[in-house]
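Below is one structure, written out as structure tokens; the observations come after it.
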Amino acid sequence: MRIILLGAPGAGKGTQADSIKSKYPIAHISTGDILRANVKAGTALGKDAKAYMDAGKLVPDDVIVGMMESRLAEADCKEGFMLDGFPRTIAQAEALDKMLTAHGIKLDAVVSLEIDDDTVVSRLTSRRVCKQCGEIYNTVLKPTAKEGVCDKCGGEVVQRDDDRESVIRNRLAVFHTQTAPLIEYYTQKGLLIAVDATGGKDAVLRILEKN
Ligand code: ADP
Ligand code: ZN
């Protein structure tokens, strides 16, 4: 199975991906996670990307496309993959089409997680993440037992730099202008499945199982 998870920041692409993985053991490729790992490791890619990410802007297409070309060539993608956070622009989608054609493979579906902006802002301003193990918390829905300390590993639990409200508003504006056109792009290819992003953590899995 080869799918794309499309949706605004905070729509819950990562949560849906985890649920899908429990049933379909395919590679989960999150461009945001790859970029954050590079920032943390201080690689050249991470240094290039950090300023864009902190401002809520998109990292340039050529950087992302190069990164994804090598990621999709890795062995774990042979049996299938779900893309979380890529493509995010029409140019990236066209580059992906070329990569897939070159490998003689096709996408099965593009899942669009639908959510309104105010829900995103309230979700993301309450999101926290463990610096050490990456576990995701929420100050309202899933607080840590002890404030600022990870239940799993004891690491420091913090707010992501780009989860402040002003940056979230930027990321939403970027989504509406640059990424939302992909909904039309994949509708025309007959691949789009729209899913209500407030439908719970297994919303996408349930729909994939029906198809
Ligand atoms: P979210 O979907 O919650 O905004 P991600 O973790 O997917 O967050 O991405 C965080 C940041 O990484 C984005 O705001 C952007 O700067 C960068 N990024 C991730 N994926 C891409 C991409 N496909 N193209 C350009 N920039 C990207
Ligand atoms: Zn932790």
Options Asp61, Asp108: the member that is at pLDDT 95 or above and in contact with a strand residue (DSSP E or B) (Cβ under 6 Å, 6 or more places away or on another chain): Asp108
Looking at region 186-197, which of the residues that are in contact with a helix residue (DSSP H, G or I) (Cβ under 7 Å, 6 or more places away or on another chain) and of a type in the set (Val, Ile, Thr) is farthest from Thr15 (Cα to Cα)? Ile193
Quick check on my filter: what residues within region 65-108 are more than 14 Å from the chain's Cα centre (by Cα) and in a loop (DSSP other than H, G, I, E, B)? Ala73, Glu74, Lys78, Glu79, Gly80, Gly104, Ile105, Lys106, Leu107, Asp108
Pairs please, first residue from region 84-95 and touching a residue at least 12 places away in the same chain (Cβ under 8 Å) and more than 16 Å from ligand 2 (Cβ to nearest atom), second anywhere and in a strand (DSSP E or B) and open to solvent by 10 Å² or more (accessible area, probe 1.4 Å), Cβ atoms under 7 Å, 6+ apart in sequence or on different chains. Asp84/His28; Asp84/Ser30; Gly85/Ser30
Are any of the residues in region 10-17 in contact with a helix residue (DSSP H, G or I) (Cβ under 6 Å, 6 or more places away or on another chain), in contact (Cβ under 8 Å) with a residue 40 or more places away in the chain and more than 16 Å from ligand 2 (Cβ to nearest atom)? yes
Which residue out of Asp151, Asp118 is away from ligand 1 (no atom under 14 Å from the Cβ), in a loop (DSSP other than H, G, I, E, B) and more than 21 Å from Ser22 (Cα to Cα)? Asp151
Which of the residues that make up region 98-133 are touching a residue at least 40 places away in the same chain (Cβ under 8 Å) and either under 16 Å from Val157 (Cα atoms) or not aliphatic (A, V, I, L, M) (or both)? Lys106, Asp108, Ser112, Glu114, Asp117, Thr119, Arg123, Leu124, Thr125, Arg127
Looking at the structure I just gave you, is Val111 part of a loop (DSSP other than H, G, I, E, B) and among the aliphatic types (A, V, I, L, M)? no
Residues (assigned to a loop (DSSP other than H, G, I, E, B) and either surrounded by fewer than 15 Cβ atoms within 10 Å (Cβ to Cβ) or modelled with pLDDT of 95 or more (or both)) located in region 181-211: Lys189, Gly190, Leu191, Thr198, Gly200, Lys201, Asn211
For region 65-124: of the residues being out of contact with any Asp or Glu (no Cβ under 8 Å at 6 or more places or on another chain) and among the polar types (S, T, N, Q), which is surrounded by the fewest Cβ atoms within 10 Å (Cβ to Cβ)? Ser70
Cβ-Cβ under 8 Å, sequence separation 6+ or interchain: first residue in region 195-211 and under 15 Å from Arg2 (Cα atoms), partner hydroxyl-bearing (Ser, Thr, Tyr) and in a loop (DSSP other than H, G, I, E, B). Which pairs? Leu208/Tyr24
Filter result for the condition that a residue is closer than 25 Å to Ser126 by Cα, surrounded by 20 or more Cβ atoms within 10 Å (Cβ to Cβ), in contact with a helix residue (DSSP H, G or I) (Cβ under 9 Å, 6 or more places away or on another chain) and not acidic (Asp, Glu), over Ile4, Ile20, Ile34: Ile20
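The values are calculated or read from the model by the stated rules, or taken from the named source; none is laboratory data. Since the structure is predicted, the reported quantities are computational estimates derived from the model, not experimental observations. For neighbour counting, all protein chains shown are included, and Cβ atoms are generated from backbone atoms with ideal geometry for every residue, glycine included. Surface areas here come from the heavy atoms of the whole protein model, side chains and all, with no ligands, DNA or RNA. Shrake-Rupley method; radii C 1.70, N 1.55, O 1.52, S 1.80 Å.
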